[in-house]
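Everything on this sheet refers to the single structure shown next.
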Amino acid sequence: MSGGGERKDASHSEDVRDYMLHMAISNTVNPVTEMVPGKGPVTSYQSSSPDELALCQFAALIGYKFVQRDGARVKVEIESEEGKKEEKYFWLQAVLPFDSVRKRVTVIYSDKERKSLWVMCKGADACVLPLVDAKES
């Protein structure tokens, strides 16, 4: 990081992008899109988890908007700093639900564009952090 606090690391930017996508799609949130006169389509979210709802809303606020869940397929609209919108699709492969023993939820998505699988995990920091290999980051 330079003295001005600015970091120009392309891999870091991709990590942030991936994290925001994780926040947008790794949840039990249901997007509801309605036509609002004078505004057009407006998406709101419904969830039984206030934490997941807040994370999904934050992702949408900064340009990673979860717009549709259609069976195993989810759609995210990504808005660039210039205002250009791009649609991305991911396919849910499996879910290991949250439980009191694991204290985390794990989802597996396929990203056909990048020809890869994503294993996304979130939960109690005391259970998740030991799984992260510090040498990798």
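The values are calculated or read from the model by the stated rules, or taken from the named source; none is laboratory data. Worth saying up front: this structure is predicted, and the values here are computed from it rather than measured. Note that each Cβ is placed from the backbone with ideal geometry, even for glycine, and that neighbours are counted across all protein chains shown. The protein model used for the area step is the full one, side chains on, heavy atoms only, and it has no ligands, DNA or RNA in it. Shrake-Rupley method; radii C 1.70, N 1.55, O 1.52, S 1.80 Å.
Here are the numbers:
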item: Members of Lys85/Lys115; Lys85/Lys122; Lys39/Lys85 lying beyond 19 Å, as alpha-carbon distances in this model show; result: Lys85/Lys115; Lys85/Lys122
item: Listed residues Leu21, Leu55, Leu129 arranged by accessible area, highest first, probe 1.4 Å; result: Leu129, Leu55, Leu21
item: Rounded accessible area of Lys84 (nearest 10 Å², 1.4 Å probe); result: 150 Å²
item: Accessible area (Å², per residue) of the chain, counting only protein heavy atoms and a probe of 1.4 Å; result: 68 Å²
item: Accessible surface of the stretch 24-126 [probe 1.4 Å, protein heavy atoms]: carbon and sulfur percent; result: 54 percent
item: Spacing of the two label points (7 Å from each Cα toward its C-beta) at Asp51 and Glu86, in nm; result: 3.1 nm
item: Relative contact order %, the chain, counting alpha carbon pairs below 8 Å whose residues are six or more apart; result: 13 percent
item: FRET efficiency, Arg102 to Thr33 (Cβ-Cβ, R0 25 Å, nearest 0.05); result: 0.15
item: Candidates per GluC sites (Glu not before Pro) in the stretch 43-125, loop by DSSP, up to 10 other Cβ within 10 Å; result: Glu81, Glu82, Glu113
item: Efficiency of FRET from Cβ geometry, Lys75 and Ala124, R₀ 25 Å, rounded to 0.05; result: 0.25
item: Burial order of peptide ranges 23-29, 45-51 (average beta-carbon count within 10 Å, highest first); result: 23-29, 45-51
item: Charge tally in the Cβ shell below 11 Å around Lys85, where Lys, Arg are +1 and Asp, Glu are -1, Lys85 excluded; result: -2
item: Accessible surface of Arg114 - all protein chains present, 1.4 Å probe, nearest 10 Å²; result: 80 Å²
